[in-house]
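What follows is a set of notes on a single structure, which appears directly below.
No value in this document is a laboratory result; all are computed from the given coordinates. Bear in mind the structure is a predicted one, so any value in this text is a computation, not a measurement. Because the Cβ atoms are built from the backbone with ideal geometry, glycine has one as well, and the counts that use them run over all protein chains shown.
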Amino acid sequence: MLLSMMTLPFLGTVLLVDAIAQHLQTLGETSEELLRGDRLPTLPFPEPHPSQP
């Protein structure tokens, strides 16, 4: 009887953890797409003065 009472909460926890893991992976992929280098602006690089090596 105790085993059958624990099955549903255990399966619910497994499904919840799986759903959270999928959402975190999606969030990571989305943030990676936002921070890709080809979408960032090009920053001006200062030219060195001729007197400085």
Can you pull out every residue in the stretch 9-53 that is surrounded by 10 or more Cβ atoms within 10 Å (Cβ to Cβ), more than 13 Å from the chain's Cα centre (by Cα) and small (G, A, S)? G12, A19
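How about the chain: which of its residues are in a helix (DSSP H, G or I) and among the small types (G, A, S)?
Listed by number, the residues that qualify are S4, G12, A19, A21, G28, S31, G37.
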